[in-house]
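The values are calculated or read from the model by the stated rules, or taken from the named source; none is laboratory data. In this text, all values refer to a predicted model and were calculated from it rather than measured experimentally. With ideal geometry, Cβ positions are generated from the backbone for all residues, glycine too; neighbour counts draw on all protein chains shown.
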Amino acid sequence: MIKGKPFVKWAGGKRQIIDKLKKCLPEDFNTYYEPFIGGGALLFELSPQKAVINDSNEELMNVYKVLCNEEKFKKMCHTLNHYETSHSEEFYYEIRNKDRNKKSFNRLADYTRAARTIYLNKACFNGLYRVNSKNEFNVPFGKKKKVNTYEGNNLITVSNYLTMNDIKILCCDFEEAVKDAKKGDFIYFDPPYDSDTSTFNSYTETGFDKDEQRRLAKVFKELDKRGCYVMLSNHNTKLINELYKDYNIHHIEAKRNINSNGKKRGKVEEVIITNYESVSEKQEVFDE
Ligand SMILES: C[S@@+](CC[C@H](N)C(=O)[O-])C[C@H]1O[C@@H](n2cnc3c(N)ncnc32)[C@H](O)[C@@H]1O
C-alpha cells in the first residue's frame with residue numbers, strides 16, 4: 001500500500017518522531033481517533049480503515065473534507081493548477097487577502113478555499129499557519145520562485161485514502177470529538193504544546209493555555225476509565241508530568257523547526273504518554 005503524508009507543513013507536525021510514536025502504539029485497536037489532527041502525520045502513517053479525525057481549525061478541516069469528495073477534489077486540483085502557474089509575490093498577497101472581506105470570503109466555494117489553504121501553506125514564509133485577532137491569515141510571502149502544491153502524487157494518494165476508507169471528519173473541540181469513543185478504540189492526542197516558559201502556542205485565534213491542558217487531562221482520564229487506549233504527546237514540562245503522573249511517561253528528544261523565535265530552533269525534550277503497555281515494551285520483557 002502506498003501511504004500518503006501530510007499535505008501541509010504544520011506547527012508541531014510529528015513526522016520527525018513518527019518512529020518513536022509507532023513504538024508506543026497499542027497492539028490492536030478498533031476505531032482510531034485523532035482530535036488534534038493538524039497535518040495528520042500519524043494518521044497517514046497508520047492509514048487505519050476506520051478513523052475519526054478532528055481539528056478546531058476550520059480552513060484545515062475544510063481541506064480534509066474536500067479531499068474526501070471526488071468531485072470537489074477534481075475542482076480543487078483545477079484551481080491549484082491555476083494558482084501554481086500564476087504564482088508570484090503579487091498573486092500570493094491577492095489570494096492571502098481574500099479573507100479580508102468576510103462577506104465575499106464566505107461565498108467562496110469550499111474547494112476554492114481548500115486550494116487557497118494548500119497554496120498559502122506552500123507559498124508563505126516557513127509553512128506557518130498564523131491568523132490575527134480578526135482571523136485573517138497574516139504570514140508574509142515565502143519568496144519561493146515556484147510552488148509544488150501536489151508534491152508528486154501525494155494529494156491524490158491522500159484523497160484516495162480518505163475516500164476509500166471509513167473516515168469521519170469533524171471540526172469541533174477535542175472533548176466533543178471523542179465523545180463516542182468506546183472500549184477498545186485508540187485515541188492519539190497531540191495538543192498545542194505546554195511550555196515552562198512562554199513560547200509560540202497559538203495556532204488559531206483561540207490559544208491553548210494551562211487550563212486547557214488540565215481539561216484535556218480530565219478527558220484523558222475519562223477515556224482511560226471507559227477502556228480506551230490513549231496516547232498523548234507534549235513537551236516535557238512540570239505541568240504535564242504532574243497531570244499524567246499515574247500513566248506511562250516515555251521521554252524522547254525531538255528536533256523542532258517552527259518557533260516564534262527563529263534563533264531558538266533545536267532539540268527539545270518531549271514526552272509520549274500512554275495508559276497501556278505498548279507493543280515494544282511487551283517485546284522488551286519478552287526478549288529478556
Ligand atoms: C500540535 S498540533 C497537531 C499536529 C499534528 N499531530 C501533526 O502531525 O501535524 C495541534 C492542533 O490542535 C488544534 N487545536 C487547538 N485547540 C483545539 C481544540 N480545543 N480542539 C481541537 N483542536 C484544537 C490546532 O488547530 C492544531 O492543529
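In table form, for the structure just shown:
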quantity	calculated
Condition check for Tyr92: buried (at least 16 other Cβ atoms within 10 Å of the Cβ), within 22 Å of the chain's Cα centre (by Cα) and of a type in the set (Ser, Thr, Tyr)	no
Set Leu223, Leu239, Leu170: member being hydrophobic (A, V, I, L, M, F, W, C) and out of contact with any helix residue (DSSP H, G or I) (no Cβ under 8 Å at 6 or more places or on another chain)	Leu223
Those residues of the range 113-133 which are at pLDDT 95 or above and either assigned to a loop (DSSP other than H, G, I, E, B) or of a type in the set (D, E, K, R) (or both), in sequence order	Arg113, Arg116, Lys122
When residues of the range 14-56 are limited to those that are closer than 18 Å to Asn126 by Cβ and surrounded by fewer than 21 Cβ atoms within 10 Å (Cβ to Cβ), the one farthest from the ligand (Cβ to nearest atom)	Gln16
Residue list for the range 109-125, restricted to those being under 16 Å from Lys74 (Cα atoms), among the small types (Gly, Ala, Ser) and surrounded by 20 or more Cβ atoms within 10 Å (Cβ to Cβ)	Ala114, Ala115
Single match in Glu45, Glu27 (criterion: touching a Ser or Thr at 6+ places or on another chain (Cβ under 9 Å) and not assigned by TED's automatic domain parsing to the domain that holds Lys122)	Glu27
Leu60 vs. criteria modelled with pLDDT of 95 or more and either in contact with a Phe, Trp or Tyr (Cβ under 9 Å, 6 or more places away or on another chain) or within 16 Å of the ligand (Cβ to nearest atom) (or both)	yes
Tabulated pairs, the range 25-38, first under 20 Å from Arg15 (Cβ atoms) and hydrophobic (A, V, I, L, M, F, W, C), second within 12 Å of the ligand (Cβ to nearest atom) and part of a loop (DSSP other than H, G, I, E, B), C-beta under 7 angstrom, 6+ apart or interchain	Phe36/Asp55; Phe36/Asp190; Phe36/Pro191; Ile37/Asp55
Search result, residues across the range 119-142 that are touching a strand residue (DSSP E or B) at 6+ places or on another chain (Cβ under 6 Å) and of a type outside the set (A, V, I, L, M)	Phe137, Gly142
